[in-house]
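Comments concern the structure below.
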Amino acid sequence: MVEELLEDGKRRMDGAIEALRSEFGGVRTGRASTALLDRIYVDYYGARTPLKQLANLSTPDARLISITVFDKSAVNGVVRAIQESDLGLNPNVDGTIVRLNIPTLTEERRKDLVRLVRSMAEESRVAVRNVRRDVIQDLKELKKEGELPEDDERRAEDDVQKLTDSHVERINELLSHKEEEILEV
């Protein structure tokens, strides 16, 4: 029973880290990345469709994202979706190819992005700590019901804390890597 609780806690903490990775992928750095477009949805024949399903995305160089749209009738929808997004990029259309030039970031914009990724990391740390709280609460209930001896509860709480510490450390490593990436000129 304790192993199941610890395994569930580990799975949920891993989920928080994967969500953070995904969020970090959407934060623009000075380098072109197709991950910037992961959150873009296009109105395609009345359905919100992910851009990845409508086009081939590539980065021919460090400052350019090339979007080759499969269906010519979807090009205007793709351009509109990019313009309405919070990316602040201006698409250039050439037939079925949409090009996005990634401008260099100003110092002020870099600092704003660092603040943004720090708040994302803090939200992930809070999520991991909430999982720890839930697992410890479940352990206390097992002890209260008489299904778990006090020594085993203490041992399991220590294991949960070690798990939490290792996940928070991974979040900190992801954050420092992303900060370096943003501040790199």
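Just one of R110, R154, R170 is among the charged types (D, E, K, R), under 20 Å from the mean Cα position of the chain (by Cα) and under 26 Å from K10 (Cβ atoms); which is it? Spell out the reasoning first.
Details: R110 fails: under 26 Å from K10 (Cβ atoms); R154 fails: under 20 Å from the mean Cα position of the chain (by Cα).
Checking each option against the conditions leaves just R170.
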What number of residues within the stretch 113-146 satisfy the criterion of being hydroxyl-bearing (S, T, Y) and in contact with a Leu (Cβ under 9 Å, 6 or more places away or on another chain)? 1
Identify, from the list G9, G15, the residue that is free of Cβ contacts under 8 Å to residues at least 12 places away in the same chain, touching a helix residue (DSSP H, G or I) at 6+ places or on another chain (Cβ under 9 Å) and part of a helix (DSSP H, G or I). G15
Do we find that V126 is of a type in the set (A, V, I, L, M), over 27 Å from A55 (Cβ atoms), assigned by TED's automatic domain parsing to the domain that holds A16 and surrounded by fewer than 12 Cβ atoms within 10 Å (Cβ to Cβ) in this structure? yes
Consider only pairs whose beta carbons are under 8 Å apart and that are at least six residues apart or on different chains; among these, list those whose first residue lies in the stretch 172-184 and is closer than 14 Å to R21 by Cβ and whose second residue is part of a helix (DSSP H, G or I) and modelled with pLDDT under 90. L174/F24; K178/F24
Positions within the stretch 1-39 being at pLDDT below 90 and hydrophobic (A, V, I, L, M, F, W, C), in sequence order: M1, V2, F24, V27, A32, A35, L36, L37
Looking at (1) free of Cβ contacts under 8 Å to residues at least 60 places away in the same chain; (2) small (G, A, S); (3) at negative phi, which is the only condition G146 fails? (3)
One residue is enough: does the stretch 131-152 have a residue meeting the conditions under 30 Å from L36 (Cβ atoms) and in contact with a helix residue (DSSP H, G or I) (Cβ under 7 Å, 6 or more places away or on another chain)? yes
Looking at the stretch 80-106, I want the residues that are more than 19 Å from T49 (Cβ to Cβ) and at pLDDT 90 or above and have a partner that is of a type in the set (S, T, N, Q) and not in a loop (DSSP other than H, G, I, E, B) with Cβ atoms under 7 Å, at least 6 apart or on another chain. Which pairs are those? R99/S66; R99/N92
Of (1) in contact with a helix residue (DSSP H, G or I) (Cβ under 9 Å, 6 or more places away or on another chain); (2) under 30 Å from D43 (Cα atoms); (3) surrounded by 14 or more Cβ atoms within 10 Å (Cβ to Cβ), L183 satisfies every one except (2)
Positions within the stretch 47-81 being of a type in the set (A, V, I, L, M) and either within 19 Å of A32 (Cα to Cα) or under 20 Å from the mean Cα position of the chain (by Cα) (or both), in sequence order: L51, A55, L57, A62, L64, I65, I67, V69, V78, V79, A81
Answer yes or no: is there a residue in the stretch 111-121 that is modelled with pLDDT of 95 or more and surrounded by 15 or more Cβ atoms within 10 Å (Cβ to Cβ). yes
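The values are calculated or read from the model by the stated rules, or taken from the named source; none is laboratory data. Since we're looking at a predicted model, the values are computed, not measured. Reconstructed Cβ throughout: ideal geometry from the backbone, glycine too, with neighbour counts over all protein chains shown.
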